[in-house]
Amino acid sequence: MPKATVAIGFPALTRAAPVEASGTWDDCNFAPSLRAAGPNTVVTLGITENFFGTLLGTYAGSERDVVYADGSATFHGSGIFTGNVAGRSGTATYRYEGIAPASQPFHATWVLVGETGSLASVKGHGTFGGSFNGVTDACDAGIFSGSYKGSLNLGP
C-alpha cells in the first residue's frame, strides 16, 4: 500500500531573538516640590537624562520620590525617550521604579515601549543602578549617573 506524504507549511517567524541592552546614563533633577507626609517627605521633580550605549538619546519626564524618616527612599518616574535603540530611531515611553537604601547606591527596574518612528515596534525592560554626584544651580534636585542593562524585543 503506498504511503502518502503530507507537507505542512509554517509561516516564517517574525520575531527575532531578544537583543541585550547595556550602557551608561547621567541625569539632572530639577525644580523639586516637597510635601510632608507624616514623618516622610514626598518629592516631585522634573528630570532630564542622557543615555549612552544600546539606548542612545535623551529622556524628559517627572519623578515622584518618598523619602522615609530613616533616609531611605522609593521612587518612580515616567516620560519620553527620544533617540536610537539598537540602531532604530524615534520616541518611546520610559517608566521606572526603584529603591534607594539610606547612604547606599540606588537600584531600579525600567520598561521601554516604542511609540513613533522605527521604535514603534520596540519593547524592552531591565535594571539600572547609580549614585548621587552633587547639585548645580540648574540641577537643584541633584545630578545622578550610573549604568543600565536589559533586554529588547525589536519587533518585526
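The values are calculated or read from the model by the stated rules, or taken from the named source; none is laboratory data. Computed from a predicted structure; not experimentally measured. Cβ placement follows ideal geometry from the backbone for every residue including glycine, while neighbour counts extend to all protein chains displayed.
All conditions but one from (1) closer than 15 Å to ASP26 by Cβ; (2) hydrophobic (A, V, I, L, M, F, W, C); (3) assigned to a strand (DSSP E or B) apply to CYS139; the one that does not is (3). Note on the range 79-121: residues that are under 23 Å from THR44 (Cβ atoms), of a type in the set (Gly, Ala, Ser) and under 15 Å from the mean Cα position of the chain (by Cα) total 4. Within the range 102-126, the set of residues being at pLDDT 95 or above, surrounded by fewer than 18 Cβ atoms within 10 Å (Cβ to Cβ) and not hydroxyl-bearing (Ser, Thr, Tyr) comprises HIS107, VAL111, VAL113, GLU115, GLY117, ALA120, LYS123, HIS125.
Give me the residue from the range 84-95 that is part of a strand (DSSP E or B) and hydrophobic (A, V, I, L, M, F, W, C) and, out of that set, farthest from ALA21 (Cα to Cα). The extreme case among them is ALA92.
Restricting GLY129, GLY150, GLY98, GLY124 to those that are part of a strand (DSSP E or B), in contact with a His (Cβ under 6 Å, 6 or more places away or on another chain) and within 16 Å of GLY57 (Cβ to Cβ) reduces the list to GLY150. Taking the range 48-75 as the range and being assigned to a loop (DSSP other than H, G, I, E, B) and either acidic (Asp, Glu) or under 30 Å from GLY90 (Cβ atoms) (or both) as the test, the residues that pass are THR54, ASP70. ARG88 fulfils the conditions (1) surrounded by 17 or more Cβ atoms within 10 Å (Cβ to Cβ); (2) within 19 Å of ASP26 (Cα to Cα); (3) among the charged types (D, E, K, R) except for a single criterion, (2). Within the range 21-50, the residues that satisfy the criterion of being polar (S, T, N, Q) and closer than 29 Å to GLY124 by Cβ are SER22, THR24, ASN29, THR44, THR48, ASN50.
Annotation note: Cβ proximity below 7 Å between a residue of the range 69-95 that is at pLDDT below 95 and a residue that is outside any loop (DSSP other than H, G, I, E, B) and of a type in the set (Val, Ile, Thr) (sequence gap 6+ or interchain) occurs for ALA86/VAL19. Checking GLY155 against (1) touching a residue at least 40 places away in the same chain (Cβ under 8 Å); (2) part of a strand (DSSP E or B), only one condition comes out false. Which one? Of (1) touching a residue at least 40 places away in the same chain (Cβ under 8 Å); (2) part of a strand (DSSP E or B), only one is false for GLY155: (2).
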